[in-house]
Amino acid sequence: MSDKTPSIEALQKRIQELEDENELLSDFAGLSSDWFWEQDESFRFVRFWGMLTEKLQRKQSLFIGKRRWEMPIQGLTDQEIQAHIERYEQHLPFRDFEYEVPGNDGVVQHYSVSGKPAYDREGNFTGYRGVGRNLTLLHNAQQAVKASQQQLSQILQGSPIATFVIDKEHKVTHWNKACEALTGVPASEAIGRDDSWRGFYAESRPTMADLVVDNAPAEKIQGYYGYNFAVSSLINGACEAEDLFPNIGPSGHWLHFNASPLLDTDGNTVGAIETLQDITDRVKAEQAEKDHHLKLKRAHEELQSTLQQLVEAKKLAGLGRLVSGVAHELNSPLGNILLGLTTAQNNLEELQHSFDNSSLSQSQLRAYLETEAESIALMDHNLNRSINLINRFKELSSDTKTKVTRSFSLHSIAKGVFGAYLHRCKQRHIELANNVPPDLRICSNEEALEQILVSLLENSLNHAQLEEGSLIELAVFKGKSGVEIDFSDNGQGMDEKVKEHAFDPFFSSKMGHGTSGLGLYRVYNLVSVVLGGSISLHNNEPGLLVKLTLPDLSCE
């Protein structure tokens with residue numbers, strides 16, 4: 001054996017190395033494809049093999065003996081198929097040729113194949129061999145992503161809310177029709193640019209979406225929007241604000257806008273979406289409401305001032321009536337007293353003159369004494385009238401003092417008051433009806449209620465022009481909140497002008513006929529000040545109803 005002839009051991013080792021290399025190449029080939037295929041010199045499939053031939057998802061018998069373009073190929077144009085045939089005819093290699101065929105279950109399968117021509121040792125063309133992959137799942141995933149992107153785009157375009165999207169490079173990727181309408185900037189001039197601010201501001205500055213993409217801190221955002229912005233409580237990293245955009249529209253627009261980050265699967269910010277809503281009408285309505293409220297407030301203040309002036313004027317008018325009433329009531333008795341004093345003084349001077357001249361006669365003295373007696377009686381009567389009137393004033397002032405409250409029977413009080421006027425009423429044939437339940441007890445000021453009943457009874461007898469057979473009636477109703485007392489007569493009633501001034505001091509429909517005009521005024525003071533209730537007058541057709549509403553005080 002020549003020294004240059006390899007030994008058997010060396011040949012076996014080399015064979016083993018080639019087998020290992022072949023196995024390695026097979027493994028790599030198997031990992032890079034789902035199956036292998038071969039075609040003869042007429043381009044007909046002759047066999048398929050490999051690790052994952054089941055991924056054909058189609059019976060191999062449907063391929064064997066047929067050319068690729070004789071299969072029910074889909075997803076290609078006639079020109080693309082013809083170009084593929086021409087490469088075959090020219091014996092040229094090809095890579096990643098993709099086409100579709102129906103699978104076993106009718107589901108379309110997406111293939112990607114690569115091939116190269118094969119030759120024998122003499123260089124004769126023997127056919128094609130290559131690899132293939134089933135891309136159906138990848139294709140479906142790509143289509144799903146594409147459909148999702150299209151759907152998102154349609155959602156954005158169909159939304160009536162102005163919306164734009166930027167990527168991490170601040171370039172606009174979406175600019176919907178509502179955003180076009182709001183800003184006046186068409187999508188063709190916005191998409192792909194990194195200056196989205198042009199649609200909203202006159203000078204270069206970041207939009208809120210730009211700040212969100214940059215993960216800007218709240219202090220920086222506040223520097224652009226002041227305190228008109230807020231960090232979202234729902235979405236991490238999102239912000240919202242309201243502001244006036246003077247460059248949008250002829251007179252500016254108020255917008256409510258918010259920007260949210262777009263994140264990848266690792267949570268990194270890869271963009272931001274910003275929505276903008278026109279709230280101009282709402283802001284104008286709120287401002288109009290504020291202006292209206294301010295006008296109402298001013299009108300209310302003016303009205304309060306006017307009412308205060310009216311109250312003061314009414315007080316002055318009441319004071320005028322009071323002064324006039326006092327002057328009127330005191331003028332007559334004081335005038336009579338002054339007349340009596342003047343007459344007495346004149347008579348005394350005549351008597352003194354006669355006495356000094358020693359011409360005083362018995363008849364003259366007797367006439368003087370008679371005249372003075374009449375004058376003294378007149379002055380005494382008028383002095384008593386003045387004293388009584390002043391005492392009435394004192395009673396009115398004492399009505400404001402605190403009275404003692406206790407539990408009592410209003411029926412008994414009314415019975416006593418009606419009894420005091422019974423003889424007077426019988427003479428005029430007027431009936432008194434005490435309809436207060438005998439067992440009803442109330443807690444209030446007994447003395448004040450007795451004075452009220454007396455004044456009301458006097459008012460009916462003096463002013464109601466009660467005819468024979470008339471009726472004066474008292475009724476009481478007790479509820480949860482207090483006691484309602486109805487005092488009524490069936491006389492002539494009270495016209496509206498009289499009712500308007502009925503509670504004024506010294507007002508009387510019979511002024512100058514012996515009435516002072518203090519009766520109902522005193523009743524009003526007793527009811528409102530002493531008893532803490534209310535009083536109202538109502539024509540009863542016929543007659544007048546005086547309605548008192550009093551609190552039922554607690555007596556412990």
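The values are calculated or read from the model by the stated rules, or taken from the named source; none is laboratory data. Because the structure is predicted, anything quoted here is derived from the model rather than measured. FYI the Cβ positions are ideal-geometry reconstructions off the backbone, even for glycines, and counts take in every protein chain you see. In case anyone asks, the SASA skips ligands and DNA or RNA and just uses the protein heavy atoms, side chains included. Shrake-Rupley method; radii C 1.70, N 1.55, O 1.52, S 1.80 Å.
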Exercise. In terms of solvent-accessible area of protein heavy atoms at a 1.4 angstrom probe, what is the ranking of Ser481, Ser375, highest value first?
Worked result: Ser481, Ser375
Problem set entry | Alpha-carbon Debye profile of segment 198-275, log10 I(q)/I(0) at 0.12, 0.22, 0.26 Å⁻¹ | -0.34, -1.04, -1.33
Problem set entry | Loop sites in segment 154-207: GluC sites (Glu not before Pro), DSSP, at most 16 other Cβ within 10 Å | Glu169, Glu203
Exercise. By a straight-distance test (C-alpha under 16 Å), which aspartates and glutamates pair with Lys220 as possible cross-link partners, with residues fewer than eight away in the same chain excluded?
Worked result: Asp210, Glu240
Exercise. Quick one: with all protein chains in place, what share of the accessible area of segment 211-312 is carbon or sulfur, to the nearest percent (1.4 Å probe)?
Worked result: 53 percent
Problem set entry | Centre separation in Å (Cα based) which lies between segment 87-127 and segment 467-498 | 117 Å
Exercise. If R0 is 30 Å, what FRET efficiency do you get for Leu378 and Lys415 from their C-beta distance, rounded to 0.05?
Worked result: 0.15
For this session: Of the listed pairs Lys66/Lys146; Lys66/Lys116; Lys497/Lys547; Lys297/Lys547; Lys415/Lys499; Lys55/Lys146, which have alpha-carbon separations greater than 26 Å here?
Result: Lys66/Lys146; Lys297/Lys547; Lys415/Lys499
Exercise. In percent, how large is the relative contact order of segment 162-280, given Cα pairs closer than 8 Å and 6 or more residues apart?
Worked result: 26 percent
Seminar exercise, completed: Rounded to the nearest 10 Å², the 1.4 Å probe accessible area of His423 is 130 Å²
Problem set entry | Rg followed by Dmax, in Å, when segment 124-208 is reduced to its Cα trace | 20.9, 74
Exercise. So which GluC sites (Glu not before Pro) in segment 449-489 are both in a DSSP loop and have at most 12 other Cβ atoms within 10 Å of their Cβ?
Worked result: Glu467, Glu468
Exercise. Can you list the aspartates and glutamates whose alpha carbon is less than 14 Å from that of Lys284, not counting same-chain residues fewer than 8 positions off?
Worked result: Glu242, Asp243
For this session: Compute the relative contact order of segment 453-497 as a whole-number percentage, counting only Cα pairs closer than 8 Å that sit 6 or more residues apart in sequence.
Result: 39 percent
Problem set entry | Reachable aspartates and glutamates, given that their alpha-carbon falls under 17 Å from the alpha-carbon of Lys478 and they are not under 8 places away in the same chain | Asp439, Glu446, Asp486, Asp552
